[in-house]
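Colleague: Below is the structure I would like to discuss, written out as C-alpha cells.
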Amino acid sequence: MRIKFLDLNKIHNQNRAEYHNILDDILNQSAFIGGAYLQSFENSFRDFIGAKYCVGVANGTDALEIAIESLDFSSGEIIVPANTFIASAEAVSRNGLKPVFCDVNNDDYTIDVSDLEKRITRSTVAIMCVHLYGHPCDMAPILNLAKKYNLKVIEDCSQAHGAKYKGSTVGSLGDVGCFSFYPGKNLGGFGDAGAIVTNDKKIADLSRLIANHGRIEKYDHKIEGRNSRLDNIQAAVLSLKLKYLGEQNELRKKLANCYMDNLVSEKNITLPSIKPWADPVWHLFVIRVENRKNLIADLAKYGVETSIHYPTPLPKLSAYKHLNQSNEKGFAWESAGKLISLPIGPHLTQDDVYFVCDKLKKLSF
Ligand SMILES: Cc1ncc(COP(=O)(O)O)c(C=O)c1O
C-alpha cells in the first residue's frame, strides 16, 4: 500500500481529454497572453468568490506583493502570522514595509486575535490574514480591529480556495484577497499562477496596471509596473479545474471528518479544530504529536507519505533574524517541531484514510 501525500498525475488523469482539448484550442489560436480564456477565468473566479473584481497574475507571491503595492502605503508595519509560508511576509518586505509577526491559535492555526491587537502600533498600516491549511481566520474581530485602528486587511487565501467564514467565501471579506494557483493547491494550474480579488475598483485597476508594466495602451505606460500576467494556458486550465473544485473540496471535507472521527480518542494526537463559524476546505490536515520524528519514519515504513508545514516559524528563519522576534514565546514559536501534515486530497479515498488511521492507532510514538 502506498498513500501519497499528493498525486497530481492521478487527479489530472480524471479529465485528461478535456485538458488536451483546451491546450489544442490555445495552440490553434496561438493565444498565449491575454484573451478569451483569461477574461473568462477572471469572471468565473470573481463570481465564485463573490467579489466585484478579479485580476489574474503570475503567482500567489506576486498577488500579495502587487495587492500591497496597490494599497499605496508610503511606509509602516504589516502584522503577519508567525506560522505561514514565507511569501506572506516576503510581500511585505518587498514593498519596503516591515513584517511584524504575531501568534496563531493552538487549535485552528490561524491568527490569534488577542495577540494581534497587542502588536498594533502607530506604525501599523495593515493586517495580513492567512487562512492557513484551508481554515478561515476569525474575520469579524479582525475587521473590527481594522476599523478601530484604521488598518487595511489583506487576505492570503493561497490555501483556502472556497473556504467560508459565516457563509462568505474568503477573499471577499477584507480589502483585498490574494490567491496562489500553485499546482498542488486546492485549485492549481499547470505551473505558477495567481489572482487578486477585491470589491474596490481602485485596488483592482491599480493592480492590473502594476501587473502589466503600468500599460494603458501598447507603449503608453502610465506608471512603472512589472510583468506579472496570468497567461492564457493557466487561465484555461484553471477555468476547467474550477468546475471540479466544489466536489473536490467536499471530498477533502469527508476525508477530514474521517480522520477526526477515527482519531478523536487518541490521547497522543492533537487534532485540528473547526470553529463554529468556519467551513474549511482542508488544503492540509495537520496534527500535533510529541515525537514527530519516530512517527514520520514509522508511517513511511507502511508507505504513508507525510509532510511538515512549516518546520521553522518565520521569525526564526535567518531571513528575519534582523527583526529580533526569533526568541519570543508563543504557540507558533514553540509548536513547529510537533506538527505533521497527513495526506489529504482528491487523490485519496476514505479507505486510504482508514488505513492511515489504523496505522496511527497501532504505532507507539
Ligand atoms: C500561505 C501562502 N501564501 C503565499 C503563497 C505563495 O504562492 P506562490 O507559490 O504561488 O507564489 C503560498 C504558496 O505556497 C502559500 O501557501
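Colleague: Quick one: grab Rg to one decimal and Dmax as a whole number for region 232-365, Cα atoms only, in Å.
Modeller: Rg, Dmax (Cα atoms, Å): 17.3, 50.
Colleague: Considering only TYR182, VAL153, GLY167, whose Cα is most displaced toward the positive end of the charge dipole of region 145-195, charges sitting on Cβ of Lys, Arg (+1) and Asp, Glu (-1)?
Modeller: GLY167
Colleague: To the nearest 10 square angstrom, how much accessible area does CYS258 have with a 1.4 angstrom probe?
Modeller: Roughly 10 Å² of CYS258 is accessible to a 1.4 Å probe.
Colleague: Taking θ as phi - 60°, what are the ³J(HN,Hα) couplings along region 210-221 by the Karplus curve (6.51, -1.76, 1.60), each to the nearest whole Hz, with x for Gly and Pro?
Modeller: Here the 3J(HN,Hα) series is 4, 6, 10, 6, x, 8, 9, 10, 4, 6, 10, 10 Hz.
Colleague: Can you list the chymotrypsin sites (Phe, Trp or Tyr not before Pro) in region 162-233 that are in a DSSP coil and have 13 or fewer other beta carbons within 10 angstrom?
Modeller: On the way: sites: TYR165, PHE179, PHE181, PHE190, TYR219; in loops: PHE181, PHE190, TYR219.
Answer in residue order: TYR219.
Colleague: Accessible area per residue for region 323-364 in Å², computed with a 1.4 Å probe and the full protein assembly in place, what is it? Could you put the intermediate results ahead of the total?
Modeller: Numbers: 1770 Å² over 42 residues.
Here the per-residue accessible area is 42 Å².
Colleague: In addition: Can you tally the net charge around THR110? Count Lys and Arg as +1, Asp and Glu as -1, for every other residue whose Cβ sits under 10 Å from the Cβ of THR110.
Modeller: -3
Colleague: Work out the FRET efficiency for LYS321 and PHE365 from their Cβ-Cβ distance, taking R0 = 41 Å, and round it to the nearest 0.05.
Modeller: Calculated value: 0.80.
Colleague: Ok, one more. In vacuo Debye scattering of region 109-157, one point per C-alpha: log10 I(q)/I(0) at q = 0.14, 0.26, 0.32 Å⁻¹?
Modeller: Here log10 of I(q) over I(0) equals -0.30, -1.00, -1.39.
Colleague: At 222 nm, what value in deg cm²/dmol follows for the chain if DSSP H runs of at least 4 each add -39500 (n - 2.57) and the sum is divided by all its residues, to the nearest 500?
Modeller: -12000 deg cm²/dmol
Colleague: Determine the per residue accessible area of region 1-142 with all protein chains present and a 1.4 angstrom probe, expressed in square angstrom.
Modeller: 42
Colleague: Dipole size in debye (nearest 20) for region 108-151 around its Cα centre, Lys and Arg Cβ +1, Asp and Glu Cβ -1?
Modeller: Numbers: 5 positive and 5 negative charges, 63 e Å.
The calculated dipole for region 108-151 is roughly 300 debye.
Colleague: Let me ask another. Pairs of alpha-carbon atoms within less than 8 angstrom and 6+ residues apart define the contacts here; what relative contact order does region 294-351 have, in percent?
Modeller: Values: 44 pairs, mean separation 22.4, N = 58.
About 39 percent, as a whole number.
Colleague: Assigning unit charges at the beta carbon (Lys, Arg +1; Asp, Glu -1) and nothing else, what dipole magnitude in debye, to the nearest 20, does the chain show about its Cα centre?
Modeller: 480
Colleague: Per residue of region 77-84, in order, report the coupling 6.51 cos²θ - 1.76 cosθ + 1.60 (Karplus, θ = phi - 60°) as ³J(HN,Hα) in whole Hz, putting x for Gly and Pro.
Modeller: 10, 10, 7, 10, x, 6, 10, 6
Colleague: P(r) of region 132-243 in 10 Å steps, Cα pairs, percent per bin?
Modeller: Spelled out bin by bin, region 132-243 gives 13, 37, 34, 14, 1 percent.
Colleague: Using only the Cα atoms of region 206-253, build the gyration tensor, take square roots of its eigenvalues as a ≥ b ≥ c, and label the shape rounded, prolate or oblate: rounded if a/c is under 1.5, else prolate if a/b is larger than b/c, else oblate.
Modeller: prolate
Colleague: Let me ask something additional. Report for the chain the percent antiparallel among DSSP-assigned beta bridges with both residues inside it, nearest 5.
Modeller: 60
Colleague: Share of Cα-Cα pairs in region 290-365 beyond 15 Å, in percent?
Modeller: 63
Colleague: Right, next: Mean 1/r over all different Cα pairs, inverted: what Kirkwood radius does region 134-183 give, in Å?
Modeller: 11.2
Colleague: Moving on to the next point. First select every other residue whose beta carbon is under 10 angstrom from the beta carbon of SER123; then total the charges, Lys and Arg +1, Asp and Glu -1.
Modeller: Residues near SER123 contribute +1 overall.
Colleague: What's the extension gain from MET1 to ASN262 if we count 0.36 nm per residue and subtract their Cα-Cα distance?
Modeller: 92.0 nm
Colleague: Let me ask something additional. Restricting to Cα pairs below 8 Å that are 6+ residues apart, what does the relative contact order work out to for the chain? Please round to a whole percent.
Modeller: In percent, rounded to a whole number, it is 22.
Colleague: Per residue, how many Å² of accessible area does region 177-243 show with a 1.4 Å probe?
Modeller: 45
Colleague: With a ≥ b ≥ c the root eigenvalues of the C-alpha gyration tensor of region 1-116, is it rounded (a/c under 1.5), prolate (a/b larger than b/c) or oblate?
Modeller: It comes out oblate by the Cα gyration axes.
Colleague: Now, a different point. Mind counting lysine pairs for me in region 297-365? Cα separation below 25 Å, and the two need to be 8 or more apart along the chain or on different chains.
Modeller: 12
Colleague: Going through region 101-172, which trypsin sites (Lys or Arg not before Pro) have at most 16 other Cβ atoms within 10 Å and a DSSP loop state?
Modeller: Hits after loop and neighbour filter: ARG122, LYS166.
Colleague: Over region 133-176, what is the mean sequence separation of C-alpha contacts under 8 Å (at least six apart), divided by residue count, expressed as relative contact order in percent?
Modeller: Details: 46 pairs, mean separation 19.7, N = 44.
Reported relative contact order: 45 percent.
Colleague: Right, next: Can you spot the lysines whose alpha carbon is less than 16 Å from LYS201's alpha carbon? Ignore those fewer than 8 places along the same chain.
Modeller: LYS52, LYS152
Colleague: Which whole number in µm²/s is D for the chain by Stokes-Einstein, with the Kirkwood Rh taken over Cα pairs at 37 °C and 0.692 mPa s? Before the final figure, lay out each step's value.
Modeller: Values: Rh = 21.1 Å.
The diffusion coefficient I find is 155 µm²/s.
Colleague: Whenever you get a sec, compute what percent of the accessible area on the chain sits on carbon and sulfur atoms (1.4 Å probe). Mind dumping the intermediate values first?
Modeller: Values: 7500 of 15940 Å².
The nonpolar share, carbon plus sulfur, comes to 47 percent.
Colleague: Using a/c under 1.5 as the rounded threshold, could you call region 1-52 rounded, prolate or oblate? The axes a ≥ b ≥ c are square roots of the C-alpha gyration tensor eigenvalues, and prolate needs a/b larger than b/c, oblate otherwise. Walk me through the intermediate numbers first.
Modeller: Working: a/c = 3.34, a/b = 1.39, b/c = 2.41.
Taking the square roots of the gyration eigenvalues as a ≥ b ≥ c, region 1-52 is oblate.
The values are calculated or read from the model by the stated rules, or taken from the named source; none is laboratory data. Computed from a predicted structure; not experimentally measured. As a convention, Cβ positions derive from the backbone with ideal geometry for all residues, glycine included, and neighbour counts pool all protein chains shown. These accessible areas exclude ligands, DNA and RNA; they are computed on the full protein's heavy atoms, side chains included. Shrake-Rupley method; radii C 1.70, N 1.55, O 1.52, S 1.80 Å.
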